[in-house]
Amino acid sequence: MAGNTHSFTGYGWIACLWILVVSFQYGYHISALNQIQAVLTCRGTDTTDTDIPIQHGLPTCIPMSDATFSVVTAVYTVGGLLGSLFANVIMDRWGRKGAVRASSAMFVLGSGIMGISASLTALIIGRILVGIGAGFGLCVGPIFLSEIAPTKIQGAVGVLTQFAIVVGIMMTQAMGLQLATPHQWRIVLLFSAALSLAQLLLSPFIVESPTWLHRRGLLQDKAAAARRLWSIGDSPSVDFPTESSSDPLLGPEEVDVEIQRAKDPEDHQASVSLPQLLTAPELRKPLVIVCFSMLCQQLSGTQH
């Protein structure tokens, strides 16, 4: 059944972009404070620590030394560590979509607190919450993408995570160039909160991972999700599967592969050696994309 190969539907690509928001946010917050450092710490203004203008009830900057700013920047990784430690628990209990929601909620809360912070304490708390959201997102994003991606383009879809991270870094650098003023620097942080809030509001329209649904025995939900995510050429009308039936969305030769992938997603691809990575034709395009993304990251002036 060569005509029955999987590809993303339009909805599948929308779901893919929805998932990539968490990777974008991770990259965004890697350098969110870089361009606005001077105005955030009162270095780029003529004000003193005791004479800070107030705008809309908030100070136009938060006085801090370079060492203190380094602490504010570094607690992002502390939050990331905490988030990554609990990500698997959330993914297994509430699903991949639930973990993305948790990540988005942390970004909304953390970015919102940072965007309206009037003190160093609030800024640090918000930064930690953002880090927790990034920890959740870095764990669930690649797994969710891998589980919803059609097998034939799974590698190409997988590299979109790194691409989204680099785009996030470049976006915040570009925004910072325009918004690094005493009256506008908070917009950089509030934009992140607004983006994740939009992601949360759209979450009811995104399906759960078919792999997670399969593991929970929710085969009808799995089939419904697969119908929306994957397009199969020349396929007959399908019925919802039962416990004893194969997935009607798949051709006979694809059933065993897809079911095994659902049961053991971490084992569906063999490890690739460095010589294979450099010589395999099917890996050439993903390798070029990753190298280009890393080059853009270096040119942005941010390393991680």
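Every number here is computed from the coordinates shown, using simple stated rules; none is lab data. If you're wondering where the values come from, they're calculated on a predicted model, not measured in any experiment. All Cβ positions, even for glycine, are placed from backbone atoms using ideal geometry, and neighbour counts span all protein chains on display.
In which sequence would R227, R43 go, from the one with the fewest C-beta neighbours within 10 Å to the one with the most? Intermediate values should be presented prior to the final figure.
Numbers: R227 19, R43 14.
Fewest to most other Cβ atoms nearby, the residues stand as R43, R227.
Under the 0.36 nm per residue contour assumption, what length would be gained going from the current alpha-carbon distance of L82 and A198 to full extension?
On the way: separation 116, 0.36 × 116 = 41.76 nm, distance 2.45 nm.
Value of the extension gain: 39.3 nm.
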When the chain is fully extended, how far beyond the present Cα-Cα distance does A156 get from H56, taking 0.36 nm per residue of separation?
31.4 nm
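How would you rank H183, H56, going from fewest to most other Cβ atoms within 10 Å of each one's own Cβ?
Numbers: H183 12, H56 8.
Fewest-to-most ranking of H183, H56: H56, H183.
With a 10 Å Cβ neighbour count serving as the proxy for reagent exposure, in which order, fewest first, do C16, C61 appear?
On the way: C16 17, C61 21.
Ordered from fewest to most neighbouring Cβ atoms within 10 Å, C16, C61 come out as C16, C61.
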Scan around W230 for amide H atoms under 5 Å from its own, H built in the peptide plane at 1.01 Å from N, and keep only partners 5 or more places away or cross-chain.
T9
For 67-79, 123-135, ranked highest to lowest by mean beta-carbon neighbours within 10 Å, the order is 123-135, 67-79
Take Q184 and A224, extend 7 Å from each Cα along the Cα→Cβ direction, and tell me the distance between the two endpoints in nm.
4.6 nm
